[in-house]
Structures are given as structure tokens and as C-alpha cells.
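Quick notes on the structure that follows.
The values are calculated or read from the model by the stated rules, or taken from the named source; none is laboratory data. Just so we're clear, the structure is a prediction, and the values are computed from it rather than from any experiment. Note that we place each Cβ from the backbone using ideal geometry, even for glycine, and neighbour counts take in every protein chain shown.
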Amino acid sequence: MILTDKEILRAIEQKDIVIDPYNPSSLGTNSYDVHLGHYLACYESRVLDAKKHNQIQEILIPEEGFVLQPGTLYLGVTKEYTETHAHVPFLEGKSSVGRLGIDIHATAGKGDVGFCNTWTLEISCVQPVRIYAGMPIGQLIYFEVKGDVENYYNKKKNAKYIHRTNKPVESMMWKNKF
């Protein structure tokens, strides 16, 4: 079941959900709006290798905005740092963003119980579009968990995305053994 606004607030009061910074006007009926942070990143190579550490180049979004180009994968980051200790968070795009032709995640919309960080966004677009730091970019939806959790994400030995950051984080697939 999806948490309602009242249940999200209750979870925040109980510290089961942390959102920093928190803005009451971002709380929807059953979601919380997140905003684009100040940084984007692009991979330096046009050919990525799943077994190698692919380097990224950081982009600071200027005040006048930044124009996304089709055919390029941009990594973005949410302004909000979140913690989720008793629910499964899902990040979805906002319809207003989708109507500009922007996708905010290619596949990774689900977080894990115990995820504590900003969200790296996998941004692509269908035509050039100017974006701005601080614009609403997505919404977090929280699902109830049935049963006890044995392996919280932030306590897993092999968790790859646990270091707190306000910048996008590149793929760590190369750390997997395959």
C-alpha cells in the first residue's frame, strides 16, 4: 500500500522517513516532490564498459539554466537527502517534467529500505530542453513493507551507493563480480 500524506508525516515524525530539506508545500496527497540539485554529470566516453569504472565530468547548472541535448545520458541529483528506514521508496517523474520530454530514470526508480542519500537521476530528453537547479523534478512514493527486514541497504557490506553526496554518482557496476 502507498502511504498517504498523513502517513508520510507520521513516518517523518517517527524518523522512519527523513527528508532534508523538508518543505511542507512539497508534500502531495500520496507523494513528496523532490527538486533538481545544482549538479549534473556526463560520462567522458561515448562508449561505456560495464566492467570498467567509467569516468564522469561534473557540470554545475548555471543560474540561467542548462540545455539538455537528446542522445546524451545526464546524471542529475536531487536537492533532497532522504532516509527510509521502514518503507520502500519509489522515485517517479512528475507529469509536468514528462510533458517537457524529460525522463528522470532509465530503470532505477526503486530504493531499498535503509537507503540514506540523495537520489542520482538518469536523465534523458527527446528534444533540447532548458532545466534549472531547484526545479521540481520527481516525486517519492512510499510503500509499506510486509515482514521484517534482514538486510537494510545502509548496513550491507556490498552496498555501493552509501556515501553521502550532493553530486550525481556514476554507475558502480564495475564493482560487481561477473
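Return the residues of the stretch 81-107 that are under 13 Å from the mean Cα position of the chain (by Cα), farther than 27 Å from ASN151 by Cα and outside any loop (DSSP other than H, G, I, E, B); say none if nothing qualifies.
GLY93, ASP103
Got a number for residues in the stretch 14-29 being over 16 Å from the mean Cα position of the chain (by Cα) and part of a helix (DSSP H, G or I)? Working first, answer last.
As a first pass, look at the stretch 14-29 and keep what is over 16 Å from the mean Cα position of the chain (by Cα): 14-16, 23-25, 27-29.
Then keep just the ones that are part of a helix (DSSP H, G or I); that gives 24-25.
Adding up the residues that qualify gives 2.
For the stretch 156-175, which positions are surrounded by 12 or more Cβ atoms within 10 Å (Cβ to Cβ) and within 25 Å of TYR22 (Cα to Cα)?
TYR161, ILE162, THR165, ASN166, LYS167, PRO168, VAL169 - these are the residues of the stretch 156-175 that are surrounded by 12 or more Cβ atoms within 10 Å (Cβ to Cβ) and within 25 Å of TYR22 (Cα to Cα).
Going through the stretch 115-144 one residue at a time, which ones are aliphatic (A, V, I, L, M) and in a strand (DSSP E or B)? Break it down stepwise before answering.
Keep residues of the stretch 115-144 that are aliphatic (A, V, I, L, M), which gives 121, 123, 126, 129, 131, 133, 135, 137, 140-141.
Selection gives LEU121, ILE123, VAL129, ILE131, ILE137, LEU140, ILE141.
Can you pull out every residue in the stretch 31-80 that is surrounded by fewer than 11 Cβ atoms within 10 Å (Cβ to Cβ), part of a loop (DSSP other than H, G, I, E, B) and of a type in the set (A, V, I, L, M)?
VAL47, ALA50, listed by residue number.
Just give me the residues in the stretch 143-173 being in contact with a helix residue (DSSP H, G or I) (Cβ under 6 Å, 6 or more places away or on another chain) and of a type outside the set (D, E, K, R), in sequence order.
Just the residues of the stretch 143-173 that are in contact with a helix residue (DSSP H, G or I) (Cβ under 6 Å, 6 or more places away or on another chain), to begin with: 159-160, 162.
Hits for the stretch 143-173 are ALA159, ILE162.
For the structure I just gave you, tell me whether GLY147 is modelled with pLDDT of 90 or more and within 18 Å of TYR39 (Cβ to Cβ). Step through it out loud before you land on a result.
On the way: modelled with pLDDT of 90 or more: yes; within 18 Å of TYR39 (Cβ to Cβ): no.
Against the criterion (modelled with pLDDT of 90 or more and within 18 Å of TYR39 (Cβ to Cβ)), GLY147 does not qualify.
How many residues are at pLDDT 90 or above and not in a loop (DSSP other than H, G, I, E, B) when one looks only at the stretch 154-178?
Qualifying residue count for the region: 3.
In the stretch 104-127, what residues are loosely packed, with under 15 Cβ neighbours inside 10 Å, touching a Gly at 6+ places or on another chain (Cβ under 9 Å) and not β-branched (Val, Ile, Thr)? First the steps, then the outcome.
So in the stretch 104-127, the residues loosely packed, with under 15 Cβ neighbours inside 10 Å come out as 106-108, 110, 126-127.
From what is left, the residues that are touching a Gly at 6+ places or on another chain (Cβ under 9 Å) are 126-127.
Once the filter is applied, which keeps residues that are loosely packed, with under 15 Cβ neighbours inside 10 Å, touching a Gly at 6+ places or on another chain (Cβ under 9 Å) and not β-branched (Val, Ile, Thr), the stretch 104-127 yields only GLN127.
Being on the phi > 0 side of the Ramachandran plot and either in contact with a His (Cβ under 7 Å, 6 or more places away or on another chain) or aliphatic (A, V, I, L, M) (or both) is the requirement here; does GLY147 meet it?
Numbers: on the phi > 0 side of the Ramachandran plot: yes; either in contact with a His (Cβ under 7 Å, 6 or more places away or on another chain) or aliphatic (A, V, I, L, M) (or both): no.
Taking the combined requirement at face value, the residue does not satisfy it.
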